[in-house]
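Have a look at the structure below before the remarks.
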Amino acid sequence: MRLVLLGPPGAGKGTQATRLASRYGLTHVSTGDIFRTNVAQGTELGREAERYMDAGELVPDEVVVRMVRETLEGIDGGFLLDGFPRTVGQAEALEAALSEAGRPLTAVLAFDLDDEVALRRLAGRRTCERCGAVFHVEFDPPEGEGVCDVCGGPLAQRSDDAEETVRRRIAVFHETGDPLRGWYEERGLVHAIDADATPDEVFARAEAVLDAPAKAAR
Ligand code: AP5
């Protein structure tokens, strides 16, 4: 299975990607996580990406496409792309790379969420600085305040989750993400999922979509 997850910042792509990767045995590729790791390690890629991320803007297509191509070359089985593609240009480059490898996409899951709900989710998000696990102060609080349930590491707010930056990220999502979705709709790959529900309910909706072809074939 080869999947793309679309949706605005805060739609729960990362939350659902972790669960779906585990449920279907897929490699989870998050371009945002790869950039954040590079920023933390102070690499050249990290220094280049950081100024765009902190402004809520997209990292230029050529940088992201090169990085994803290299990542996909190292993956033999199924994968799930979280945060990529984000522009029609990135989608075209992905389509060319996958068609060259004879591994076309299986489906695109589009998580729909109202902008104001997304804003509230991001304002309360806390991420483990050690293992990357994601929590929410109100909707998914850790057992101990400021401490990761998974590894005991410290929880912090992402630098691009400041309200003004989030508003810019949401605006950028509509500028580039809406045409991108249309591009995938033309290819008959999009399955819309209402993401305004609990994480368990959203996961069940995604599972229903992904298991439908298997059930139909039985
Ligand atoms: P990236 O890291 O991809 O961020 P994003 O797309 O803005 O998405 P988020 O990670 O903010 O949200 P999410 O949908 O994963 O939500 P989450 O599950 O965490 O990108 C960051 C930056 O990197 C970009 O702005 C750009 O600069 C750059 N970049 C990355 N990819 C790029 C690309 N392809 N091209 C160019 N630039 C690129 O959930 C959010 C919160 O809500 C959490 O606290 C969670 O606990 C909570 N939550 C989740 N689900 C629910 C639910 N159902 N109910 C209640 N709360 C929930």
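The values are calculated or read from the model by the stated rules, or taken from the named source; none is laboratory data. For clarity, every value in this text was computed on a predicted model and none was experimentally measured. Cβ placement follows ideal geometry from the backbone for every residue including glycine, while neighbour counts extend to all protein chains displayed. For accessibility, only protein heavy atoms count, side chains too; no ligands or nucleic acids. Shrake-Rupley method; radii C 1.70, N 1.55, O 1.52, S 1.80 Å.
For the chain, the relative contact order is 29 percent, taking Cα pairs closer than 8 Å that sit 6 or more residues apart in sequence and dividing their mean separation by the residue count. Using all pairs of distinct alpha-carbon atoms, the Kirkwood hydrodynamic radius of region 110-177 works out to 12.8 angstrom.
Amide H contacts for Gly153 (H built 1.01 Å from N in the peptide plane; partners 5 or more residues away or on another chain; cut-off under 5 Å): Cys148. Based on alpha-carbon centroids, what's the gap between region 119-146 and region 42-98 in Å, whole number please? Between the Cα centres of region 119-146 and region 42-98 lies a distance of 25 Å.
By DSSP, the beta bridges lying fully in the chain are antiparallel in about 30 percent of cases. Solvent-accessible area per residue in the chain equals 51 Å², computed with a 1.4 angstrom probe and all protein chains kept. Using the Karplus relation 6.51 cos²θ - 1.76 cosθ + 1.60 with θ = phi - 60°, the per-residue 3J(HN,Hα) values for region 82-94 come to 10, x, 8, x, 10, 9, 4, x, 5, 5, 5, 5, 5 Hz, with x marking Gly and Pro.
Using the Cβ-Cβ distance between Ser99 and Val209 with R0 set to 22 Å, the FRET efficiency from 1/(1 + (r/R0)^6) comes to roughly 0.40. Couplings 3J(HN,Hα) for region 109-115, derived from phi with the Karplus relation 6.51 cos²θ - 1.76 cosθ + 1.60 (θ = phi - 60°), are 9, 9, 8, 9, 8, 4, 4 Hz, where x marks Gly and Pro.
Heavy-atom accessible area, probed at 1.4 angstrom with all protein chains present, ranks Met1, Met53 as Met1, Met53, highest first. Of the accessible area of the chain, computed with a 1.4 Å probe over protein heavy atoms only, carbon and sulfur atoms account for 49 percent. Using modelled amide H (1.01 Å from N, peptide plane; none on Pro or chain starts), what sits under 5 Å from the amide H of Arg86, excluding residues fewer than 5 places away? Close amide H contacts, sequence-distant or interchain: Ala91. Amide H contacts for Ala107 (H built 1.01 Å from N in the peptide plane; partners 5 or more residues away or on another chain; cut-off under 5 Å): Arg2, Val4.
Between Glu116 and Ile75, residue separation times 0.36 nm minus the direct Cα-Cα distance comes to 11.1 nm. At an R0 of 41 angstrom, the distance between the Cβ atoms of Met1 and Val147 translates into a FRET efficiency of 0.75. So what's the chain giving for Cα Rg divided by 2.2 N^0.38 Å, two decimals? Relative to the rule-of-thumb radius for its length, the chain sits at 0.99. For region 38-53, 3J(HN,Hα) computed residue by residue from phi via the Karplus equation (6.51, -1.76, 1.60; θ = phi - 60°) reads 5, 5, 4, 8, x, 6, 5, 4, x, 5, 5, 6, 4, 5, 6, 4 Hz, glycine and proline entered as x. Each label point was placed 7 Å from the Cα along the Cα-to-Cβ direction; for Ser159 and Asp200 their separation is 3.8 nm. Taking other residues whose beta carbon is less than 14 angstrom from the beta carbon of Arg23, and scoring Lys, Arg as +1 and Asp, Glu as -1, yields -1. Local charge sum around Trp183 (other residues, Cβ-Cβ under 12 Å, Lys/Arg +1, Asp/Glu -1)? Net charge in that neighbourhood comes out at -2.
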